[in-house]
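Let me begin by presenting the structure, written as structure tokens, before commenting on it.
The values are calculated or read from the model by the stated rules, or taken from the named source; none is laboratory data. Predicted model, so just to flag it, every value in this text is computed and none were measured. Here the Cβ positions follow ideal geometry from the backbone for every residue, glycine too, while neighbour counts run over all protein chains shown.
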Amino acid sequence: MVFFIESISLSLGANSMTPDDRREHLRTSMSATVKVEHETLGNFEFGTRDISDGGVFIAIEDQQFAPQLGDKVTVQVQGLPMAAPILHMVVRRKTPEGYGLQFADSNL
């Protein structure tokens, strides 16, 4: 269960990757609520937009969340019947809609 989110991505089916997209991993649309914890910015809850074997995109909407690229965060899916594992991730991409987070080694 350590890679719970990654397992979800493999079981969701079709992906949303466009022909012009050069990302390494195929993405799948996924809507879930996740808790994101940043060492200095605090705890936040966001919705996800998509997921892949490499990471997840979180939609920040109007929340005041402004990490730097390369910052480390922890992420946990919310709303499940049992506590989901806490995953270590790195902020890799910023868009006006949110942030792309990459799965990190467990020792980060």
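Things to note:
- Identity of the residue in the stretch 29-64, without any contact (Cβ under 8 Å) to a residue 12 or more places away in the chain and more than 12 Å from Glu97 (Cβ to Cβ), that ends up surrounded by the fewest Cβ atoms within 10 Å (Cβ to Cβ): Thr40
- If the condition is being hydrophobic (A, V, I, L, M, F, W, C) and more than 9 Å from the chain's Cα centre (by Cα), then the stretch 37-66 contributes Leu41, Phe44, Phe46, Ala59, Ile60, Phe65, Ala66.
- Just one of the listed residues (Thr40, Thr48) is among the polar types (S, T, N, Q) and within 23 Å of Glu24 (Cα to Cα), and it is Thr48.
- When residues of the stretch 73-108 are limited to those that are surrounded by 15 or more Cβ atoms within 10 Å (Cβ to Cβ) and either assigned to a loop (DSSP other than H, G, I, E, B) or basic (Lys, Arg) (or both), the one farthest from the chain's Cα centre (by Cα): Ala84
- Residues that are more than 18 Å from Glu45 (Cβ to Cβ) and either at pLDDT below 95 or of a type in the set (A, V, I, L, M, F, W, C) (or both) within the stretch 59-75 comprise just one, Leu69.
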